[in-house]
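Visitor: Can you read through this structure? Questions will come right after.
The values are calculated or read from the model by the stated rules, or taken from the named source; none is laboratory data. Nothing here was measured: the structure is a model prediction, and the numbers come from that model. Counting neighbours? That spans all protein chains shown, and the Cβs are built from the backbone with ideal geometry, glycine included.
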Amino acid sequence: MTDTLPIPRVEPHTVAFIGLGTMGSGMAARLAKAGHRVRGYDIDPARRQALKAHGGHAATSIAEACNGAEIIMTILPRDAHVLEVCTGPGGISESAAKGALLLEMSTVLPDTSLAVHDALSQAGLRVLDAPVGRTPRDAERGSLLVMAGGDPADFEAAQPVILPISDKALHLGPKGSGIRMKIVNNYMSMVGMVMTAETLAMARKAGIDSAAAVEVLQNTTAGRGQINVNFPNKVLSGDVSPDFPLGMGQKDISLGVTLAEQLGVPLALGAPARDLFSLAGPMQMGDLDCTAMLLLIEKLAEDRSSGPDSTEQTE
């Protein structure tokens, strides 16, 4: 793998890039190198000057960045920043030309994303929620993953700025689909952080060398990720015949929790996982494949949504 991906040939556009922080700085630099006329704005003057060194223009305001921009890209830390930049005084809704295309790439609440989409659509702009996945190094390399929601025609129109920053871009559906997928992905990532830390902590407390534990885990389905192997091949393909049944999964998770208790390792995820596995028998699912945990959780969600507390009161 080369250190930096080649810059693709794209039709140059005037691009306003607002938010030149950890991710945005590398993305904006890639766009400038691709030949786009990038007008970058950030509240930090040093970040604006850094973009200038890569061939971009250091704008002193959102209005200056948006002046003449055909495409606007925002990637900001928090919901309040997104709302202020997009809909506040002197922001994008007041500064951008009608018909300009906004790619809002921040990780925010879906409600915030939808509010921005609706407000800017009413102001005459086209909008995609298009958050990115992977790391700041990928932003510099041009190997981000873009997850987009909105009009397919707008996704197609955004390709000249998507191609230089990513090696995969997916249109996931209507507005809100991109940001919802990003949050789902981040949930899995952060829970995975805890799961991995708990696993390694238990191995180390059990006297197992960390390097050896990593080597084992890198060569099992558990370590490589259920999403890569078991779930696509089993439940997501409609097959819940037991390669490894939920009933046996209950035994295994119980053994793991018991060992952790003996070693004094707190498992924040272990006990709730054991409780879920323990429901498989009473729900007549114990003989199904472990990936049928998806169906078990969906059944619990269905029961919860149709329970007495969810029934609307009528007069």
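Visitor: Have a look at 62, 75, 43 and point out the one that is closer than 22 Å to residue 166 by Cα and of a type in the set (A, V, I, L, M).
Guide: Answer to the check: 75.
Visitor: Among the helices (runs of 4 or more DSSP H) contained in region 81-195, which hold 2 or more residues that are closer than 21 Å to residue 42 by Cα and assigned by TED's automatic domain parsing to the domain that holds residue 38?
Guide: Because the criterion is at least 2 residues that are closer than 21 Å to residue 42 by Cα and assigned by TED's automatic domain parsing to the domain that holds residue 38, the helices (runs of 4 or more DSSP H) in region 81-195 that meet it are 92-95, 110-122, 136-141, 159-162.
Visitor: Just one of 263, 259, 236, 276 is exposed (fewer than 13 other Cβ atoms within 10 Å of the Cβ) and among the aliphatic types (A, V, I, L, M); which is it?
Guide: Being exposed (fewer than 13 other Cβ atoms within 10 Å of the Cβ) and among the aliphatic types (A, V, I, L, M) holds for just one of 263, 259, 236, 276, which is 236.
Visitor: Tell me, please, whether a residue that is in contact with a Pro (Cβ under 8 Å, 6 or more places away or on another chain) and modelled with pLDDT of 95 or more can be found in region 132-139.
Guide: No, that holds for no residue.
Visitor: Where residues in region 140-180 are over 22 Å from residue 112 (Cβ atoms), touching a Gly at 6+ places or on another chain (Cβ under 9 Å) and of a type in the set (A, V, I, L, M, F, W, C), which of them is surrounded by the fewest Cβ atoms within 10 Å (Cβ to Cβ)?
Guide: Applying the filter and picking the extreme gives 163.
Visitor: I would also like to ask the following. Which condition does residue 308 not pass, out of (1) at pLDDT 95 or above; (2) over 28 Å from the mean Cα position of the chain (by Cα), if it passes all the others?
Guide: Unmet condition: (1).
Visitor: Something else about it: Sort out which residues of region 196-228 are surrounded by 11 or more Cβ atoms within 10 Å (Cβ to Cβ), assigned to a loop (DSSP other than H, G, I, E, B) and on the phi < 0 side of the Ramachandran plot, and write them in order of number.
Guide: Across region 196-228, the qualifying residues are 206, 208, 226, 227.
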